[in-house]
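S.K.: Can you keep this structure in mind? I'll have questions shortly.
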Amino acid sequence: MIVRSYTGRTMGEALEKVRNDLGDNALIIETRSLRTPGLLGSRSGYEVVASSAPDDSPAPAPKPAPAATDWRQDLIGELRRPGQAAGLQNAQDDRHLGDELAAIRRQLARLSLGQHTPTASLGEELTTCLEAGDLPPELIAECDQALQRAGDRLKPGQRQEFLARFLAHNTPVAGAIDWNGCRHLMVVGPTGVGKTTSIAKLAGDLVLRQRRRVALVTIDTYRVGASDQLQAYAELLDAPFAVAHTPAKLKEILASLHDCDNVFIDTAGRNPRDEARLQELRGYCRQVPGLQVMLAAPATCGRSEFAGIVERFSTLPIEHAILTKLDENLAAGRLLGCLRRHRLPLNYVTTGQEVPHDFHAADPLELARMVFTPEMCAA
Ligand SMILES: Nc1nc2c(ncn2[C@@H]2O[C@H](COP(=O)(O)OP(=O)(O)OP(=O)(O)O)[C@@H](O)[C@H]2O)c(=O)[nH]1
Ligand SMILES: [Mg+2]
């Protein structure tokens, strides 16, 4: 297999040189932009490192230069003709070629985004893994730099764990709540994220494992069956239960529950764009002294949805956060990016529908290791 470097004033020019020299099956290993100082100011250009197809065949004779075409179109054309590109002999060749094409596709995506290849230290496999988990590009670049700094002090088998620790270090997490300092906890969040179920899990743990006296109160008087759902959990835990229709009533109920160690207050799901409903929640926060607020945010949403939820609910005095449905998350890297960006005071994660078992205190290293699970890396 031949590996050579080609330069050109444009990326298209450099890629044409690759094609002329190594043929249609050439594999792009790396691309980067160049800036060389000159008398009349700096000149820019591009370098492409490419190899011949991995069958050790000699490079084909140079062809006459074809008319200049858009290099992206050239590559797209090649991606659409996988069968012609390698003269497949068997399934192994096929798989190998598939991997190479996937690598070229990712290169193409990076180039079309104007990004430089961030894989110098990460290598293709780790970059693929981080990209598949949708880790933000700036975090991928930081991982690359971290590996570069570590240099050869790391053995190959230690690279994933090193990166998991690096990512964990960059993921702000508050950890388990000190329940002695949190008597009245109101859980807010969008509709259907798992607020009521999360309350049942937290309360269940406090009652069954920590032997605390807990009460459940709901101010969700909108959804049919909402209070029944919480009441059913209260009965299972043998805990007091009440419904409050107004802040004044909630104040009264909390005063009557003075012998309970902790009181959970469930709320109706709020569409983050529904300002009137959020205003109502702000009224409860203002009028009920000592009320602490926990945001329930789903681990399943995209970056902009997550940002919208945090932004809208941050008009409430959020002191705690629980990340729900972690078991349904398909992009651990994206989640880490959201957590780092919004700096949620994350206490707990929930990992399934089973009450009270499917939750635990948030652990940054565990969240970061999710990026490297085989399912994530194979995505
Ligand atoms: N997979 C999964 N499902 C969950 C989890 N937590 C809750 N659910 C499910 O999500 C659904 C909604 O849960 P609820 O607790 O009723 O959600 P909510 O936020 O109270 O809903 P509203 O009160 O209608 O806004 C239920 O089917 C739960 O079983 C979790 O961690 N993983
Ligand atoms: Mg609910």
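S.K.: Taking only the alpha carbons of the range 192-291, what extent do you get along each of the three principal axes, in Å, biggest first?
M.R.: 39, 27, 19
S.K.: What are the ³J(HN,Hα) couplings of the range 298-315, residue after residue, when phi is run through the Karplus curve with 6.51, -1.76, 1.60 and θ = phi - 60°? Round to Hz, x for glycine and proline.
M.R.: x, 7, 9, 8, x, 4, 6, 5, 4, 4, x, 5, 4, 4, 5, 6, 6, 6
S.K.: Starting from the 7 Å offset along Cα-to-Cβ, what nm value, one decimal, do you get for the label separation of Glu319 and Arg4?
M.R.: In this crude label model, Glu319 to Arg4 measures out at 6.9 nm.
S.K.: Taking only protein heavy atoms and a 1.4 Å probe, what accessible area per residue, in Å², does the range 157-246 have with all protein chains in place?
M.R.: Accessible area per residue, the range 157-246: 46 Å².
S.K.: Let me ask something else about it. Please list, in order along the range 184-196, the HN-Hα scalar couplings obtained from phi with the Karplus expression 6.51 cos²θ - 1.76 cosθ + 1.60 (θ = phi - 60°), rounded to whole Hz, x for Gly and Pro.
M.R.: Karplus values, whole Hz, x for Gly and Pro: 10, 10, 9, 9, 10, x, x, 5, x, 7, x, 5, 5.
S.K.: In debye, nearest 20, what is the charge dipole magnitude of the range 179-362 about its Cα centre with +1 on Lys and Arg Cβ and -1 on Asp and Glu Cβ, if you could check?
M.R.: Using only the charged Cβ atoms, the result is roughly 620 debye.
S.K.: Taking amide H positions as placed in the peptide plane 1.01 Å from N, state which residues far from His184 in sequence (5 or more) or on other chains have amide H under 5 Å from it.
M.R.: The list, which skips near neighbours in sequence, is Val263, Gln292.
S.K.: What number results when the radius of gyration of the range 119-170, computed over Cα atoms, is divided by 2.2 N^0.38 Å?
M.R.: Relative to the rule-of-thumb radius for its length, the range 119-170 sits at 1.01.
S.K.: Mean shadow of the range 298-358, computed from the convex hull of its alpha carbons, in nm²?
M.R.: Averaging across all directions leaves 4.2 nm² for the Cα convex hull.
S.K.: Using a simple charge model, +1 on the beta-carbon of Lys and Arg, -1 on the beta-carbon of Asp and Glu, nothing else, what dipole does the range 233-304 show about its Cα centre, in debye to the nearest 20?
M.R.: 520 debye
S.K.: To continue, here is another question. For the range 179-362, with equal point scatterers placed on the C-alpha atoms only and solvent neglected, what are the log10 I(q)/I(0) values from the Debye formula at q = 0.17 1/Å, to two decimals?
M.R.: -1.08
S.K.: Not counting ligands, DNA or RNA, and with a 1.4 Å probe, what is Val18's accessible surface area in Å² rounded to the nearest 10?
M.R.: Accessible surface of Val18 is approximately 0 Å².
S.K.: Which whole-Hz couplings ³J(HN,Hα) result when phi for each residue of the range 121-130 is put into the Karplus expression 6.51 cos²θ - 1.76 cosθ + 1.60, θ = phi - 60°, listed in order with x for Gly and Pro?
M.R.: For the range 121-130, the Karplus curve yields 9, 5, x, 5, 5, 5, 4, 4, 4, 5 Hz.
The values are calculated or read from the model by the stated rules, or taken from the named source; none is laboratory data. Keep in mind that what you see is a predicted model, and the values were worked out from it rather than measured. In this analysis, Cβ positions are derived from the backbone assuming ideal geometry, glycine residues included, and neighbour counts consider all displayed protein chains. Areas reflect the complete protein model, heavy atoms only, side chains present, ligands, DNA and RNA absent. Shrake-Rupley method; radii C 1.70, N 1.55, O 1.52, S 1.80 Å.
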